[in-house]
Amino acid sequence: MANEIAVFTKDLALHERQFKSVLPAHIPSQKFMRTIVGAVQNNPGILKCNRSSIYAACQKAAQDGLILDGREAALVQFKGSAQYMPMVNGLLKKLRNSGQISTITAQTVHERDKFSYNPARDDVPDHQPDWFGERGPMIGVYAVAKMKDGGAVVELMNMEQIAKVRGVSRASGRGPWTEWPEEMAKKSVLRRIAKYLPSSADLDQMLEHDNENYTYAADTQEADKPKEAKTTTRAAAVIEAEVVEEEPPVPEGPEDYGEIVEADEVL
């Protein structure tokens, strides 16, 4: 295996100029190359993947300015191909780059934690875990973004919603989902809260790259569609309106018919 990694490292060097051309100035190409080799050493199974897919995955990571250290991003396997997967720290890095967020965090909630949140009353959840005790199994996850203008955005997910996200992940049975399930739960809720936060071209590009790690079906998309954005202040309230079904009007002529267009929404 050591010989295979040595051969890979030699071949990888031929792509350094290509990576350097898209890397941001603050990431030296040599550092980026070292993290790729480290990722392969930690997961030698990657070498069984199609080599062109490995280089393509690394190129996407370079474009997004994330290093493949398992924290900002990771290399995962799917049906003989390597894929680039942004991780929690990578998402946080891109979200903070908007310049309009004061703080942002994602935390898992466990069975023995003290947790309460009333959107009509609270700006943010009240979460009091016993960091040094037995917290029990994970029961959910949440993310909080505090804006520089004083507002806050909150997103929560229960285990059923997390399971649906995992179910459409191409790497649901291997890699990060099995090794770091709590980190992937945090990533899932960060992807959701990103919909309600200031966007940027590089964040959009990274999310587009990450969307390639999921296989969406129409029913799964609808079931896992995020709820209404929760931008909370002291005066905010959540109102659930009862839906009343009415008999649709009978069209009188062709001009009364309209075209219905459904927009697919990804995570």
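Nothing in this text is a laboratory measurement; each read-out follows from the coordinates by a stated rule. Keep in mind that this is a model prediction, so the values were computed, not measured. No Cβ is skipped: glycine too gets one built from the backbone with ideal geometry, and neighbour counts run over all protein chains shown.
Once both labels are positioned 7 Å from their Cα atoms along Cα-to-Cβ, the gap between SER200 and THR9 label points is 3.4 nm.
A DSSP coil position with no more than 13 other Cβ atoms inside 10 Å describes the following GluC sites (Glu not before Pro) in the range 99-195: GLU111, GLU134.
Label the range 45-188 by shape, choosing from rounded, prolate and oblate, from the square roots a ≥ b ≥ c of the eigenvalues of the Cα gyration tensor; if a/c is under 1.5 it is rounded, and otherwise prolate applies when a/b is larger than b/c, oblate when it is not.
oblate
Among the chymotrypsin sites (Phe, Trp or Tyr not before Pro) in the range 58-166, those placed in a DSSP loop whose Cβ has at most 13 other Cβ atoms within 10 Å are TRP131, PHE132.
Modelled spin labels at GLU179 and GLU212, positioned 7 Å past Cα toward Cβ, are 2.0 nm from each other.
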